[in-house]
Amino acid sequence: MREVILDFNNLEGYDSVYDYIKQEMEIPPYYEDNLDSLYDALLDITEETEVKLYNCDYLIQEHGEFGEKLIQLIEDSEEEASCLTVKKEMGPYVEEPFID
């Protein structure tokens, strides 16, 4: 299963949010930067994927209604996409140390 971390801390501007999600989720560039297109892209994922959302409060604080809609859209996509699991994590994202 592929794991994707979406940490919304310090993302400013809609373009940076869309660019970040596209990069982390490996969404093809032909999808447009809007919520409808992002939803379609999430539904097109064919690989078992777990998406962990961090710092959702920051996203909502910085982007208001857009942030709320974006989080809801990602959570709603789990219901429609059979291979997508979404977890909303509390607290900041802390990268686990690499142990050899």
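Scanning the stretch 47-70 for residues that are surrounded by 13 or more Cβ atoms within 10 Å (Cβ to Cβ), among the acidic types (Asp, Glu) and either in a helix (DSSP H, G or I) or without any contact (Cβ under 8 Å) to a residue 12 or more places away in the chain (or both) turns up ASP57, GLU62, GLU68.
May I ask you to say which residue of TYR39, TYR18 is assigned to a helix (DSSP H, G or I), of a type in the set (Ser, Thr, Tyr), out of contact with any Ser or Thr (no Cβ under 7 Å at 6 or more places or on another chain) and touching a residue at least 12 places away in the same chain (Cβ under 8 Å)? From the options TYR39, TYR18, the qualifying one is TYR18.
Filtered by the rule that a residue be surrounded by 19 or more Cβ atoms within 10 Å (Cβ to Cβ) and under 13 Å from ILE21 (Cα atoms), the stretch 37-46 gives LEU38, ALA41, LEU42. Residues in the stretch 1-21 that are of a type in the set (Ser, Thr, Tyr) and touching a helix residue (DSSP H, G or I) at 6+ places or on another chain (Cβ under 8 Å): TYR14, TYR18.
Number of residues in the stretch 27-36 that are out of contact with any Lys or Arg (no Cβ under 9 Å at 6 or more places or on another chain) and loosely packed, with under 13 Cβ neighbours inside 10 Å: the value is 4. In the stretch 71-100, of all residues being part of a loop (DSSP other than H, G, I, E, B), of a type in the set (Asp, Glu) and more than 25 Å from GLY13 (Cα to Cα), the one that is modelled with the lowest pLDDT corresponds to ASP100.
The values are calculated or read from the model by the stated rules, or taken from the named source; none is laboratory data. This is a predicted model, so every value here is computed, not measured. Cβ coordinates were reconstructed from backbone atoms using ideal geometry, including for glycine residues, and neighbour counts include every protein chain displayed.
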